[in-house]
Amino acid sequence: MPRAVQRGRKSSTPRRNNAAGPSSSRESDDSGSRYQATSSRAPGLVAKGGKVAPGRTRSPAKRRMRPGTRALQEIRKYQKSTNLLLRKLPFARLVREVALKVAPLSLTQIMWQAMAIECLQEACEAYLVRLFEDANLCCVHAKRVTLQAKDIWLAQRIGGYMQPLTLS
């Protein structure tokens, strides 16, 4: 693969000498002409090795957050907010589907007020948030950081939560 032609130019900054002296014959050359390699590419482009050509500056890379920082930010955000966490339309569809399974066959369609579905959603979200809080305490008690199904089961058992209905 052909390489890009590199042309040298004279350095504008004087070179500082090391206290230990020059370490190679190239550095000990005191002809006075010091050259820097420049790239024939456009400014800001990175060479194949990942290094920026001298005289060019790379835009500062976006800083990565430590693991868990983003999760803590989301927790604070949702604790401050009062709006619902679940989407309204999928929840309304789920409520209607469950109502059709539970209702007698003579009633083919049940009319729902928007306020009724909203009240159900508030109650469901409050139940789930409380359940996950208790399950997280069970998880911390077991000296783990990952929430598992057995934590939710234990939180339901200890907290006296109603067991979910099994619809068949």
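The values are calculated or read from the model by the stated rules, or taken from the named source; none is laboratory data. Worth saying up front: this structure is predicted, and the values here are computed from it rather than measured. Heads up, the Cβs are rebuilt from the backbone with ideal geometry, glycines too, and the neighbour counts pull from every protein chain shown.
For region 63-107, filtering for residues that are small (Gly, Ala, Ser), in a loop (DSSP other than H, G, I, E, B) and surrounded by 12 or more Cβ atoms within 10 Å (Cβ to Cβ) leaves 1. Screening Met115, Met162 for residues that are at pLDDT 95 or above, more than 30 Å from Leu72 (Cβ to Cβ) and loosely packed, with under 11 Cβ neighbours inside 10 Å leaves exactly one candidate, Met115.
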